[in-house]
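Peer 1: Let me give you the structure first, and then I'll get to my questions.
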Amino acid sequence: MREHGESDSQAWWDSLANRLDGFQGTYQSSVICDSGEDEFVRMIREKLAQFPVALDIGCADGRFTHAVASEAESMTGVDFSPVMIEKAKQTTTNDNCSFMVADAKRLPFPDHNFDLIISRRGPVSAPVFLEEAIRVTKPGGQLVEITIGEKDACEFKEIFQRGQGYGAEQIRSMALKKRLEDIPSIRMVALHEYCCTAVYPSIEDVALLLSSTPIIEDFEIEQDYPYLKQIEQRCTSSQGIERTMHRIIWAVERI
Ligand SMILES: C[S@@+](CC[C@H](N)C(=O)[O-])C[C@H]1O[C@@H](n2cnc3c(N)ncnc32)[C@H](O)[C@@H]1O
């Protein structure tokens, strides 16, 4: 199953990092109910106390890696975008944090090197990456990821008739659960799904969101203006412009 698209490529992320000076959106938004993002941070901090030598796969400009690194003995961030890694190195303040360019398909580490593998919306869930992430985890160590579910921004993708994972023949969350359960060298520790609503005050904020994330990977504001108008008409409530957020958090133990 092809779960992503253009954002599988290093060039796509380099271009985004150059345009945004890292991985940062400047749009305004608020989230109604629990998106799972805070729970993920809490889980990572708690696990780092027990599993202190950690690897963050798909760390982008290292913002999240830095935010949790103080809990770790050592934290390595990898990303296949040299532009993202350059930003991460420029902003490193934690002595225990290091960053390197590496493709998650072929990690430059020996077997059983880390206590904990973390990934916040990185590439770890797809089969080829999962196998490699498991390889570098110590037996008894854990892998924890927060990833995007198939319902994420479904209203927008329906209007665009395209976008990340749009039209995939399998339900991503079910395929992921089966994939994790079928691997004999790991044991499921946690699997949680979160569905909530994100609200944007204006259509300009939605345009900024789409320009700074892979939701609609080939989004171009001028060409896609008619779709933005449809979003404004169809997704506006009394609170603002609404979209579904769908996140999956999973944690497994390496046997
Ligand atoms: C959605 S961003 C997440 C960034 C970061 N974890 C955060 O939470 O801010 C996904 C990141 O994964 C990286 N990535 C995608 N495929 C990759 C691969 N095959 N190997 C290494 N990094 C990859 C991208 O370059 C991008 O920086």
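What follows is calculated from the coordinates using simple rules that are stated; it is not laboratory data. Just so we're clear, the structure is a prediction, and the values are computed from it rather than from any experiment. Note that each Cβ is placed from the backbone with ideal geometry, even for glycine, and that neighbours are counted across all protein chains shown.
Peer 1: Need the list of lysines near K229 for cross-linking: C-alpha distance under 25 angstrom, and skip anything on the same chain fewer than eight residues off.
Peer 2: K151, K157
Peer 1: Given points 7 Å out from each Cα along the Cα-Cβ axis, report the I221 to A11 separation in nanometres with one decimal.
Peer 2: Output for this residue pair reads 2.4 nm.
Peer 1: Continuing with the same structure: Filter the trypsin sites (Lys or Arg not before Pro) in segment 192-255 down to the DSSP loop ones having no more than 12 other Cβ atoms within 10 Å, then list what survives. Write out the running numbers ahead of the final one.
Peer 2: On the way: sites: K229, R234, R243, R247, R254; in loops: none.
Filter output for segment 192-255: empty list.
Peer 1: Calculate the spin-label point distance for Q239 paired with S30, positioning each point 7 Å from the Cα along the beta-carbon direction, and give it in nanometres.
Peer 2: That separation, rounded to one decimal, is 0.8 nm.
Peer 1: Okay, moving on. Shape call for segment 37-134 from the C-alpha gyration tensor, a ≥ b ≥ c root eigenvalues: rounded (a/c under 1.5), prolate (a/b greater than b/c) or oblate? Numbers along the way, then the final one.
Peer 2: Details: a/c = 1.40, a/b = 1.08, b/c = 1.31.
Rounded is the answer for segment 37-134, as its axis ratio a/c remains below 1.5.
Peer 1: Evaluate the charge dipole of the chain about its Cα centre and quote only its size in Debye, nearest 20, assuming +1 on the Cβ of each Lys and Arg and -1 on the Cβ of each Asp and Glu. Working shown, then result.
Peer 2: Working: 27 positive and 41 negative charges, 107 e Å.
Charge dipole of the chain: 520 debye, to the nearest 20.
Peer 1: Pulled fully out, how much extra length does the chain show between Q90 and E232, if you take 0.36 nm times their separation in residues and subtract their Cα-Cα distance? Please list the in-between numbers first.
Peer 2: On the way: separation 142, 0.36 × 142 = 51.12 nm, distance 3.85 nm.
That pair, Q90 and E232, stretches by 47.3 nm at full extension.
Peer 1: First check a/c for segment 122-255, with a ≥ b ≥ c the square roots of the eigenvalues of its C-alpha gyration tensor; if it is under 1.5, answer rounded, and if not, answer prolate when a/b is larger than b/c or oblate otherwise. List each step's numbers first, then the result.
Peer 2: Details: a/c = 2.79, a/b = 2.40, b/c = 1.16.
Verdict is prolate for segment 122-255.
Peer 1: Quick check for me: using +1 on Lys/Arg Cβ and -1 on Asp/Glu Cβ, what's the dipole size of segment 83-219 about its Cα centre, in debye to the nearest 20? Let's see the in-between values first.
Peer 2: Numbers: 16 positive and 20 negative charges, 74 e Å.
My answer is approximately 360 debye.
Peer 1: Treat every Asp and Glu Cβ in segment 156-237 as -1 and every Lys and Arg Cβ as +1, leave all other atoms uncharged, and give the resulting dipole magnitude about the Cα centre to the nearest 20 debye.
Peer 2: Numbers: 9 positive and 13 negative charges, 104 e Å.
Rounded to the nearest 20 debye, it is 500 debye.
Peer 1: May I pose another question? Quick check on the chain: take the gyration tensor over C-alpha atoms, sort the square-rooted eigenvalues as a ≥ b ≥ c, and tell me if it's rounded (a/c under 1.5), prolate or oblate. All intermediate terms of the calculation are to be shown ahead of the outcome.
Peer 2: Details: a/c = 1.80, a/b = 1.51, b/c = 1.19.
Prolate, since a/c reaches 1.5 and a/b exceeds b/c.
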